[in-house]
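This report refers to the structure that appears directly beneath it.
The values are calculated or read from the model by the stated rules, or taken from the named source; none is laboratory data. Every value quoted in this text rests on a predicted model; they were computed, and no experiment measured them. Please note: Cβ atoms are built from the backbone with ideal geometry, for glycine as well, and neighbour counts cover all protein chains shown. The protein model used for the area step is the full one, side chains on, heavy atoms only, and it has no ligands, DNA or RNA in it. Shrake-Rupley method; radii C 1.70, N 1.55, O 1.52, S 1.80 Å.
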Amino acid sequence: MDSALDLITERIRAAAAVGTPLRIRGGGSKDFYGQSLQGEVLDTRPLSGITSYEPTELVVTVQAGTPLAELEAVLAERGQCLPFEPPHFRAGPHPEPLGEELHSSGPAAGSVATVGGMVGAGLSGPARASVGSLRDYVLGVTMLNGRGELLTFGGQVMKNVAGYDVSRLMVGSLGTLGVMVEMSLKVMPAAPAESTLVLELDEARALSQLNRWAGLPLPINASCWHEGALMLRLRGAQAAVAAAEKTMGGQRMEPATAQQLWAAVREQTVPFFALQGEEVLWRLSVADTAAALGLGSTLIEWGGAQRWIKGSVADEPRVRAAALAAGGHATLFRGGDKSVGVFTPLAPALHNIHQALKKQFDPAGIFNRGRQFADY
């Protein structure tokens, strides 16, 4: 890693000296996400490899350019996983949708996603509501700031933070604060038992039922509702999963089909996510108790807390207003004219904090200009 790190460090210092913008990029699978892409590409893939892995300690330290599929394969060999199920988006900004049969060779097929891109994008998959988000599993980060200085934050255990928890600040930063070199992640054992149930419910009844189940000791690991079908993935001990199947009812999905389904939801290759013409995809993060929003074609995850809406850019005012009224915010996830703003504007005080952090980490403003906000 030393020679690759030296080259990247020199590149950063040279760019900072003359104000040349750099676009930090791994595999490019998340290039569609965020605002504009600006600057010369700074490829992080030479920073590749697993630095250390302690299965008994449930921690892995991995370089930023390491393929995500490679890390997941190593963890699977020891019966462990990244429980937050980060998406790969192997086909980039316009994935080829699956047919109704949900054929899939798995999220790793053709994947170019890297671990650094995973952390920078900060996206979690279907299990997020039950196991926590990606941010909850980041223990430490080593990074290069805009001066080319190598900084280390956090460590390899949960209770290692004094002062600002900068390692988790990097999650979802979209490369605007620095170049991640390596990170330490908490991993978990794979669940011993799994089952997927399907119930026929309309949107209002599905949301109501999800909220009732949320207050019960049930091993619900993931949920997905679309067009009258509520799909629930149970994970945990064999006895707990079997008991929940009897309690919750519904029809049990064949295991192979269920595995393909959840991989397709994670990778957004189910038919719902295929955009036609001028359609755009809105991602709404709202209170899980929020009622049906009535904004158009909808797919619901995370027990009601994440809602995907297909519509148009012209819907932006009412989509953001509905998200705010439901206790959350809306993101223009795919498609459309990004001039309306991909992310919901920050409150003035919070925006000032973001600007101050940017200035501290990247004083010359060379990293991923305009990727989060036009003036950031």
Open item on the list: Tell me yes or no: at least one residue of segment 199-208 is open to solvent by less than 60 Å² (accessible area, probe 1.4 Å), modelled with pLDDT under 95 and not basic (Lys, Arg).
Closed with: no
Task: Top-ranked residue of segment 255-281 - restricted to ones that are part of a loop (DSSP other than H, G, I, E, B) and without any contact (Cβ under 8 Å) to a residue 60 or more places away in the chain, ranked as least open to solvent (accessible area, probe 1.4 Å) - done: 279
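Each row is one residue, and each column tells you yes or no for (1) more than 30 Å from residue 66 (Cα to Cα); (2) in contact (Cβ under 8 Å) with a residue 40 or more places away in the chain.
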{"position": "175", "(1), (2)": "no, yes"}
{"position": "183", "(1), (2)": "no, yes"}
{"position": "200", "(1), (2)": "yes, no"}
{"position": "203", "(1), (2)": "yes, yes"}
{"position": "209", "(1), (2)": "yes, no"}
{"position": "218", "(1), (2)": "yes, no"}
{"position": "233", "(1), (2)": "no, yes"}
{"position": "237", "(1), (2)": "yes, yes"}
Open item on the list: I need the full set of residues from segment 39-52 which are of a type outside the set (Asp, Glu) and under 17 Å from residue 114 (Cβ atoms), in order please.
Closed with: 41, 42, 44, 45, 46, 47, 48, 49, 50, 51
Task: Verdict on residue 171 being modelled with pLDDT of 95 or more and in a loop (DSSP other than H, G, I, E, B) - done: yes
Task: segment 304-324 residues that are closer than 13 Å to residue 336 by Cα, paired with ones that are open to solvent by 30 Å² or more (accessible area, probe 1.4 Å) and part of a helix (DSSP H, G or I) (beta carbon under 6 Å, 6 or more apart) - done: 313/340; 316/340
Task: Total residues in segment 282-307, condition open to solvent by 30 Å² or more (accessible area, probe 1.4 Å) and farther than 15 Å from residue 222 by Cα - done: 10
TODO: Tell me, please, whether a residue that is open to solvent by 30 Å² or more (accessible area, probe 1.4 Å) and either without any contact (Cβ under 8 Å) to a residue 60 or more places away in the chain or among the acidic types (Asp, Glu) (or both) can be found in segment 363-375.
DONE: yes
Task: Some residue of segment 346-362 being within 27 Å of residue 84 (Cα to Cα), among the basic types (Lys, Arg) and either open to solvent by less than 40 Å² (accessible area, probe 1.4 Å) or assigned to a helix (DSSP H, G or I) (or both) - done: no
Open item on the list: So in segment 214-233, with the set limited to residues that are of a type outside the set (A, V, I, L, M, F, W, C) and under 18 Å from residue 301 (Cα atoms), which one is surrounded by the fewest Cβ atoms within 10 Å (Cβ to Cβ)?
Closed with: 215
Open item on the list: Cβ contacts < 8 Å: first residue at pLDDT below 95 and open to solvent by 20 Å² or more (accessible area, probe 1.4 Å), restricted to segment 72-93; second residue of a type in the set (Gly, Ala, Ser) and not in a helix (DSSP H, G or I), any location; separation 6+ or different chain. Result?
Closed with: 90/29; 90/108; 90/109; 90/110; 90/111; 90/113; 91/110
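Yes/no per residue for (1) in contact with a strand residue (DSSP E or B) (Cβ under 8 Å, 6 or more places away or on another chain); (2) within 17 Å of residue 178 (Cα to Cα); (3) surrounded by 20 or more Cβ atoms within 10 Å (Cβ to Cβ):
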position: 22; (1), (2), (3): yes, yes, yes
position: 34; (1), (2), (3): no, yes, yes
position: 37; (1), (2), (3): yes, yes, no
position: 43; (1), (2), (3): yes, yes, no
position: 47; (1), (2), (3): yes, yes, yes
position: 52; (1), (2), (3): yes, no, no
position: 55; (1), (2), (3): yes, no, no
position: 59; (1), (2), (3): yes, no, yes
position: 63; (1), (2), (3): yes, yes, yes
Task: Number of the exception - residue 310 against (1) at pLDDT below 95; (2) charged (D, E, K, R); (3) buried (at least 21 other Cβ atoms within 10 Å of the Cβ) - done: (1)
- [ ] Pull up segment 234-254, narrow it to residues that are in contact with a Leu (Cβ under 8 Å, 6 or more places away or on another chain) and open to solvent by less than 30 Å² (accessible area, probe 1.4 Å), then point me to the one that is nearest to residue 302 (Cα to Cα).
- [x] 234
Task: Identity of the residue in segment 330-344, under 16 Å from residue 174 (Cβ atoms), not small (Gly, Ala, Ser) and not in a helix (DSSP H, G or I), that ends up farthest from the chain's Cα centre (by Cα) - done: 344
